[in-house]
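Derivation of every value follows stated rules applied to the coordinates shown; laboratory data play no part. Predicted model only: the values in this text are computed from it and were never measured. Don't worry about glycine lacking a Cβ; one is built from the backbone with ideal geometry, like all the others, and counts go over all protein chains shown.
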Amino acid sequence: MSVQQIGTQLCNLCREGKNLDALDQLYADNIVSVEAAVMPGTTSRVSEGIAAVRGKSEWWAENNEVHSASVEGPFPHGDDRFAVLFDYDVTFKPMGSRSRMREVAVYTVAEGKIVREEFFYASGS
């Protein structure tokens, strides 16, 4: 698959709320995920390997109630990268705090799989 096809498939799955399906179908086993800030319950911004990224995604889904979500993209950049804009209205269940979360994600593709994802957002906004 091309970068455009992978990006389109990722965006479509995320729009349908099938983020874990995206991991199964599009991510490499050696995926590296980099957050803009250390997430609660972790000690590093970096998660390495499909199991770690799946665990991070499952934690997020269990701890956040999504009121609305939108996905814009993909925005391809060359033969190996694309960006996606995510916009969420969520309540963080442990604290009961509702907020809007906007982030840009940049994905790197190699050999037909996503091998790196990086998230950019204003921490604490």
Original post:
Per q in 0.18 1/Å, what log10 I(q)/I(0) does a Debye calculation on the alpha-carbon atoms of the chain return?
Top reply: -0.99
Original post:
Farthest toward the dipole's positive end in segment 3-120, which of 99, 114, 6, given Cβ charges of +1 (Lys, Arg) and -1 (Asp, Glu) about the Cα centre?
Top reply: 99
Original post:
Taking GluC sites (Glu not before Pro) as exposed when DSSP calls them loop (any state but H, G, I, E, B) and at most 16 other Cβ atoms lie within 10 Å, what is the longest stretch of the chain free of them, the sites themselves excluded?
Top reply: 17-110
Original post:
Which distance in nm do the two modelled labels at residue 93 and residue 34 give, with both placed 7 Å along the Cα-to-Cβ direction?
Top reply: 3.1
Original post:
Given 0.36 nm per residue, what is the gain on full extension from residue 21 to residue 77 after removing their alpha carbon distance, in nm?
Top reply: 17.8 nm
**OP:** Only residues of segment 5-26 count here: report those whose backbone N is under 16 Å from the spot 7 Å along Cα→Cβ of residue 61, or say none.
**Re:** 10-26
